[in-house]
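Taken together, the values in this text are just the output of simple stated rules run on the coordinates, not laboratory data. These figures come from a predicted structure and were not determined experimentally. Cβ sites come from the backbone with ideal geometry, for glycine too, and all protein chains shown count toward neighbours.
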Amino acid sequence: MLKTIKADIEAVFDRDPAARGLLEVILTYSGLHSIIMHRIAHFLYNKGLSLVPRMISQFSRFLTGIEIHPGATIGKGFFIDHGLGVVIGETTEVGDNVTLYQGVTLGGTGKEDGKRHPTLGDDVMVSAGAKVLGSIEIGDNAKVGAGAVVLDPIPPNTTVVGVPGKVVVQNGERVRGEADLEHGNLPDPVEEMLKCMNRRIEKLEKKVKEEGKE
């Protein structure tokens, strides 16, 4: 557990340019506090306890604004940036070196039994406000854009944006002319569709005017 927590601390320095020093990170980073408490709760949960791990989870929620069910399995190098509002469900499985931003939900879609929460591969990034729902798999190196709602599996090396989530980049290739893997510069499929419709309307208007002159 100590090695895993060390990897979580290193992840803060790797992915947050605002991190100034070890003491600051340990004392002030709510995402780090939540994952440390989760790892303790998860250890006890796996020992067959239920009440104490849930109490630790609720205390963590009160302290940090981040709710992680003690049953969730989370790999090393996990980083939650500005974590307020993050929710991670009981049967969620998260790989190594995953990054979540504020307001992310890794949740279920109903009252189904068994595996009902997502599985995230290694090196996945889920941007602010995104919702990944149901027992679906998110492949390694996938990126989910801010505010997206993902209900279907995502292949590895893929960027998904929009509501519902749509693939815009896969294996480094742009899909439908969309662009970019930058977290702050992800494409908007709805905007692109509206632009396409506007261009088509302009062409039709031009054609009507030309026919009117004839």
Item to check | Net charge, THR4 excluded, C-beta distance under 14 Å - Lys, Arg +1, Asp, Glu -1 | outcome: +1
Checklist entry - Taking N as the number of residues in the range 83-164, what is its alpha-carbon radius of gyration divided by 2.2 N^0.38 Å? => result 0.95
Checklist entry - For the chain, modelled as a Gaussian network with Cα springs under 10 Å, which listed residue fluctuates most, ARG199, ARG54, ARG15? => result ARG199
Checklist outcome for this item: the chain, Gaussian network, Cα under 10 Å: of GLU112, GLU202, GLU93, the residue fluctuating most is GLU202
Next on the checklist: If you scale each eigenvalue of the Cα gyration tensor by 5 and take the root, what three semi-axes come out for the chain, rounded to whole angstrom and sorted largest first?
Outcome noted: 40, 19, 14
Next on the checklist: Once you order the gyration tensor axes a ≥ b ≥ c over the Cα atoms, which shape class does the range 1-71 get: rounded for a/c under 1.5, otherwise prolate or oblate by comparing a/b with b/c?
Outcome noted: prolate
Item to check | Integer Hz, Karplus 6.51/-1.76/1.60 couplings in order for the range 14-29, x for Gly and Pro | outcome: 5, 10, 10, x, 7, 6, 9, x, 4, 5, 4, 5, 5, 8, 10, 8
